[in-house]
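Down below is the structure, laid out as structure tokens.
The values are calculated or read from the model by the stated rules, or taken from the named source; none is laboratory data. Just so it is clear, the model here is predicted, and its values are computed rather than measured. No Cβ is skipped: glycine too gets one built from the backbone with ideal geometry, and neighbour counts run over all protein chains shown.
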Amino acid sequence: MSQILSMVNYKGGTGKTILSVNIAVSLALLEKKTLLIDCDPAGDAGRLLRVDIEKQLTLFDLIIKKDYSENCNIKTKFDKLDFIASDFNLLTIKKQLSFKPFKERMLRAAIIDFKKDYDYIILDIPPSFGFIVDSAYVASDWLFLPVDLKSQYPDEILFNQVKLISDIKKKFNLYLKIGGVFFTRCDNNNQVKTFSDRNELNAMLFNLFSITIPESDDDFLNRPAALNDLKSKESIAYLKLASELILLLSK
Ligand SMILES: Nc1ncnc2c1ncn2[C@@H]1O[C@H](COP(=O)(O)OP(=O)(O)OP(=O)(O)O)[C@@H](O)[C@H]1O
Ligand SMILES: [Mg+2]
């Protein structure tokens, strides 16, 4: 049975999609059967993964039409990685489900059958708040918190996010666990130590991933790092981060 993981941050542009895609690719390269699901109507994960979204099964189809025919592709360029895309239709999903009870559980219900087929399922979720984000929290087993060290108020954003999770847990999903904190756009490990010491993160018993993701140039931001250069510092960092994740979740 796979575990369902989400990168979460209510703040936009903090590296969720780039991390989700690259970690999913890395898990697949490490021979783990992985399913990446784009839950953001903006559809960035599909673009980054370089799939043809027109031909891909979408989350909207899965939830509303329950359409999983063989015409719908879920394959990607990577052998062990499958992908369910998102499109603009997803924005209308709340309206479409308006007469159903327990609407926030529909996403989990739609993907639960995939759990037996994969080692890991990763959800790329939108920023902000609202129905899709709530549904993704209900669907998740584990949440991971990316900290963008180049953003303006990373400390404040992290603590707001932790508070938000504690509220959401009480409201929707008591079993939700925080798996840990990833650091992105990191120039050196002193930055992480300074950040953790300043915020006393160790005392909060957060798992702080030791592997950090470097600040990268455009070549690594518009496709998976592994497709660009498998020997780059980026690809190596994502592969090591994925290994750290596998170890954590196997405990
Ligand atoms: N490792 C990195 N190095 C340099 N820039 C980065 C890195 N990761 C993210 N960025 C920058 O942050 C932007 C946003 O990244 P990404 O789309 O992954 O964030 P997001 O949290 O998914 O955004 P949204 O909340 O809109 O979904 C990228 O377009 C890029 O400019
Ligand atoms: Mg995103």
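The table below gives the values:
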read-out: Residue match in segment 10-19 (condition: near ligand 1 (Cβ under 10 Å from one of its atoms) and of a type in the set (A, V, I, L, M, F, W, C)); value: yes
read-out: Test set (1) modelled with pLDDT of 90 or more; (2) away from ligand 2 (no atom under 16 Å from the Cβ); (3) aromatic (Phe, Trp, Tyr) - PHE172 fails condition number; value: (1)
read-out: Positions within segment 84-123 being of a type in the set (A, V, I, L, M, F, W, C) and in contact with an Asp or Glu (Cβ under 6 Å, 6 or more places away or on another chain), in sequence order; value: ALA85
read-out: Complete set of residues in segment 126-141 that are buried (at least 21 other Cβ atoms within 10 Å of the Cβ) and under 21 Å from LEU248 (Cβ atoms); value: ALA136, TYR137, ALA139, SER140
read-out: Sole residue being more than 16 Å from ligand 2 (Cβ to nearest atom), crowded, with 20+ Cβ neighbours inside 10 Å and of a type in the set (Gly, Ala, Ser), chosen from SER20, SER6, SER26, SER86; value: SER26
read-out: Counted residues, segment 200-250 - those being within 16 Å of ligand 1 (Cβ to nearest atom), of a type outside the set (A, V, I, L, M, F, W, C) and out of contact with any Lys or Arg (no Cβ under 7 Å at 6 or more places or on another chain); value: 15
read-out: Test: residue in segment 183-200 that is surrounded by fewer than 16 Cβ atoms within 10 Å (Cβ to Cβ), of a type in the set (A, V, I, L, M, F, W, C) and over 30 Å from GLU104 (Cα atoms); value: no
read-out: Segment 29-39 - residue that is surrounded by fewer than 24 Cβ atoms within 10 Å (Cβ to Cβ) and under 21 Å from LEU221 (Cβ atoms) and, of those, farthest from ligand 1 (Cβ to nearest atom); value: LEU29
read-out: Restricting segment 1-56 to residues that are farther than 21 Å from LEU227 by Cα and of a type in the set (Ser, Thr, Tyr), the residue that is farthest from the chain's Cα centre (by Cα); value: SER2
read-out: Only listed residue being touching a residue at least 60 places away in the same chain (Cβ under 8 Å) and farther than 28 Å from LYS77 by Cβ, chosen from PHE195, PHE159, PHE172; value: PHE172
read-out: Evaluation of LEU62 against (1) away from ligand 2 (no atom under 13 Å from the Cβ); (2) touching a residue at least 60 places away in the same chain (Cβ under 8 Å); (3) more than 16 Å from ALA226 (Cβ to Cβ); (4) not charged (D, E, K, R) (one fails), failing number; value: (2)
read-out: Residue selected from segment 215-251 under the condition hydroxyl-bearing (Ser, Thr, Tyr) and part of a helix (DSSP H, G or I), by the criterion surrounded by the fewest Cβ atoms within 10 Å (Cβ to Cβ); value: SER250
read-out: Contacts under 6 angstrom Cβ, first residue in segment 124-136 being free of Cβ contacts under 8 Å to residues at least 60 places away in the same chain, partner not in a loop (DSSP other than H, G, I, E, B), 6 or more apart; value: PHE131/LYS94; ASP134/GLU104
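Every residue, every condition in (1) under 14 Å from the mean Cα position of the chain (by Cα); (2) closer than 17 Å to MET7 by Cβ; (3) free of Cβ contacts under 8 Å to residues at least 60 places away in the same chain, yes or no:
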| position | (1), (2), (3) |
| --- | --- |
| PHE99 | no, no, yes |
| LYS103 | no, no, yes |
| PHE144 | yes, yes, no |
| ASP148 | no, yes, no |
| SER151 | no, yes, no |
